[in-house]
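Structure incoming, see below.
Each reported figure results from applying straightforward, stated rules to the coordinates on display, with no laboratory input. Everything quoted here is computed from the prediction, not taken from an experiment. Here Cβ is always computed from backbone atoms with ideal geometry, including for glycine, and neighbour counts include all displayed protein chains.
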Amino acid sequence: MPFGHLTDLCRGNAVIGQSGGPTAVINQSLVGVVEGLRMGLVAGGFVEHVYGMRHGVKGLVKGDLVDLTNEDQDRLDRLALTPSAGLGSTRDKPDDAYCDRILEACRKHDIRYFFYIGGNDSADTCRIVHEKAKAAKHDMRCFHVPKTIDNDLVENDHTPGFPSAARFVAMACMADFMDNISLPGIKINVVMGRHAGFLTAASALARRRDREFDEVPSHTSDGPQLVYCPEVAFDLDRFVADVDAIYSKRGRCHIVVSEGISDKDGRPIGATLIKNAQVDSHGNVQLSGSGALGDQLGDLLKEKLTPAGGKPPRVRADTFGYIQRCWPDASVIDQIEARRSARFAAQLALQGHDEGSITIVRTGSGSSALLGAQQGEAYRSDFKRVALKQVAAKTRHMPHEFLSGHNNVSRKFIEYCLPLVGDLPGFERL
């Protein structure tokens, strides 16, 4: 790795933090930054100590730091394979005054290399801290290392954390569909994704792929037959009609909905159906920690689909919630890319770049995952740096070509997502 000119590099300490929801591979990113710094100038003395922030910037401003400089590599390798945030995470969304305190802590601890692992809010924190450091003439490199299971960072083909969470959703829905055909009824699964439907869409990977992918869900018996992403307006009457069309024909229906489904006016369905719902500090109705949305949709179906004088259909709902984030069966590609992207961030800092967000670029389609090991193109990826302002506080949504109608995903999404999650089991049916 070519290092920057010595005049471009400053002597001091590095600090690494983890922010937002933990994932199955966020510790791969942590270890990747440490390794990238070690491969660079730790031995040469330009980076004197590598610190970890306990619970993100909250720990930094409190001086709660752990020294990772000489951490044993075997322990780091075990940590990399451990789900959840090893340093602890935070939901703090620093404002201008908070970032002043962050910069003050960086000056106190002689931090010259600042790495923050997280989503778009973490990128924004990096951006503000970098701008303040520059204005204060405190020479400091600030890099955002991507992470989010929602897959909603702009400029990225996909984001570390998403492939593993998508793998969980796909496998959970595969097993849940087998349950549904064993004891028929209507089953609703609520999946994370307030504004972006990538994780909800991953449920479609549960369908068998030894048959030609059918764009029309009513023509296939494989579940989930109905997939509702937040990018498409959700209509309650249309939802009931969709379910009725499948249930009346087959006696069962398997459904996946995003927690963030909204009506045509952008009002969340959860806010419409859930009475006395809790809200967070930003005014958002609590969705992930509650089974209320699934229960309310289930009650709606029982009410609308019960024949006069008859019994209501059997309806059950599950909310996957936090269990999606850190399931200990990470995608192999996710593990590799999380670590490599973090190493790349450290390398850029040691090459003299002063700020940036790391993005993943797909360079090989991975079509062999659909067509067989001997055919198609292998999956490949690379990394690039973009300015923090290009990613900070921005949200990516599912592109139109990944959707099919109002309740399904397209073949293009399957081709996009399948190479990321890795091999999935093949279940047989009688």
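So, counting K/R as plus one and D/E as minus one, what does the shell of residues with Cβ under 13 Å around D150 add up to?
Details: positive: K147, R194, R325, K394, R396; negative: D121, D152, E231, E259.
That sum, taken over residues with Cβ under 13 Å, equals +1.
R0 = 25 Å: FRET efficiency of T272 with L81, Cβ-based, nearest 0.05?
Values: r = 42 Å, r/R0 = 1.68.
E between T272 and L81, to the nearest 0.05, is 0.05.
Counting alpha carbon pairs within less than 8 Å and at least 6 residues apart, what relative contact order, in whole percent, applies to segment 30-131? Present the calculation step by step, with values, prior to reporting the outcome.
Numbers: 83 pairs, mean separation 27.1, N = 102.
Answer for segment 30-131 is 27 percent.
Moving on. With a cut-off of 8 Å between alpha carbons and a minimum separation of six or more residues, what is the relative contact order of the chain in percent?
Details: 944 pairs, mean separation 94.4, N = 430.
So the answer I get is 22 percent.
Please give, to one decimal in nm, the separation of the simple spin-label points placed at K302 and D265, each 7 Å out from Cα toward the Cβ.
2.8 nm
Moving on to the next point. (i) 81, 51, 40; (ii) 68, 47, 32; (iii) 80, 55, 34: which one is Cα extents along the principal axes in Å as calculated from this entry?
Correct label is (iii).
Taking every DSSP beta bridge with both residues inside the chain, roughly what % is antiparallel (nearest 5)?
Details: 15 of 48 bridges.
Approximately 30 percent, going by the DSSP bridge assignments.
Under 19 Å Cα-Cα from K187, which lysines qualify once same-chain neighbours fewer than 8 residues away are excluded?
K249, K302, K304, K311
Determine Rg/Rh for segment 285-430; Rg is computed over alpha-carbon atoms and Rh is the Kirkwood hydrodynamic estimate from the same atoms.
On the way: Rg = 21.4 Å, Rh = 19.8 Å.
So for segment 285-430, dividing Rg by the Kirkwood Rh gives 1.08.
S248 to D92: extension gain in nm, 0.36 nm per residue of separation minus the Cα-Cα distance?
Between S248 and D92, full extension yields an extra 51.4 nm.
If you don't mind, there's one more thing I want to ask. Membrane-span-like helices in the chain: DSSP H runs reaching 24 Å or more (Cα, own axis), mean Kyte hydropathy at least -0.5? Show your work: numbers first, answer last.
Values: long enough: 162-182 (30 Å, 0.77); 332-350 (28 Å, 0.23).
Result, helices passing both filters: 162-182, 332-350.
Ok, one more. Within 12 Å, Cβ to Cβ, of M192, how many net charges do the neighbouring residues add up to if Lys/Arg are +1 and Asp/Glu are -1? Walk me through the intermediate numbers first.
Details: positive: R194, R325; negative: D150, D152, E259.
Spelling it out: positives minus negatives among the neighbours equals -1.
What list of ³J(HN,Hα) values in whole Hz, one per residue of segment 139-145 in order, does the Karplus curve 6.51 cos²θ - 1.76 cosθ + 1.60 (θ = phi - 60°) give from phi, with Gly and Pro shown as x?
Whole-Hz 3J(HN,Hα) from phi for segment 139-145: 5, 8, 8, 10, 10, 9, 9.
Okay, moving on. From the phi angles alone, apply the Karplus equation (6.51, -1.76, 1.60; θ = phi - 60°) to segment 151-160 and give each ³J(HN,Hα) in whole Hz, x where the residue is Gly or Pro.
With the stated coefficients, segment 151-160 comes to 6, 10, 8, 5, 6, 9, 5, 7, 10, x Hz.
Taking all pairs of different Cα atoms in segment 86-141, averaging 1/r and flipping that mean, what Kirkwood radius in angstroms comes out?
Numbers: mean 1/r = 0.0862 Å⁻¹.
Over segment 86-141, the inverse of the mean reciprocal pair distance is 11.6 Å.
Measuring from label point to label point, each 7 Å out along Cα→Cβ, what is the D237 to L424 span in nm?
So the label points at D237 and L424 sit 3.4 nm apart.
Still on this structure, please answer the following. For segment 136-189, calculate the relative contact order in percent as a whole number, restricting contacts to Cα pairs under 8 Å that are 6 or more residues apart. Walk me through the intermediate numbers first.
On the way: 29 pairs, mean separation 11.0, N = 54.
RCO, segment 136-189: 20 percent.
Can you give me the three principal axis dimensions of segment 132-189 from its C-alpha atoms, in Å, biggest first?
Principal axes ranked by extent give 67, 16, 16 Å for the Cα atoms.
Which far-off residues, 5 or more places away or on another chain, put their amide H under 5 Å from the one on V409, with H placed in the peptide plane?
Residues meeting the criterion, in which the H sits 1.01 Å from N, are S404.
All other residues with a Cβ under 15 Å from the Cβ of E35 taken together, and with Lys, Arg as +1 and Asp, Glu as -1, what is their net charge?
+1
Where in the chain lies the longest segment free of chymotrypsin sites (Phe, Trp or Tyr not before Pro) that are both loop residues by DSSP (not H, G, I, E, B) and have at most 15 other Cβ atoms within 10 Å? If you can, show how the numbers build up before the last one.
On the way: sites that count: F3, F427.
Excluding the exposed sites themselves, the longest stretch runs over 4-426.
Modelled label-to-label distance, K108 and H406, 7 Å Cα→beta-carbon offset: nm?
For K108 paired with H406, the spin-label model returns 5.5 nm.
Determine ³J(HN,Hα), in whole Hz, for all residues of segment 195-204 in sequence, where each value follows from phi through the Karplus function 6.51 cos²θ - 1.76 cosθ + 1.60 and θ = phi - 60°; x replaces Gly and Pro.
Values, residue by residue: 10, 10, x, 4, 5, 4, 4, 4, 4, 5 Hz.
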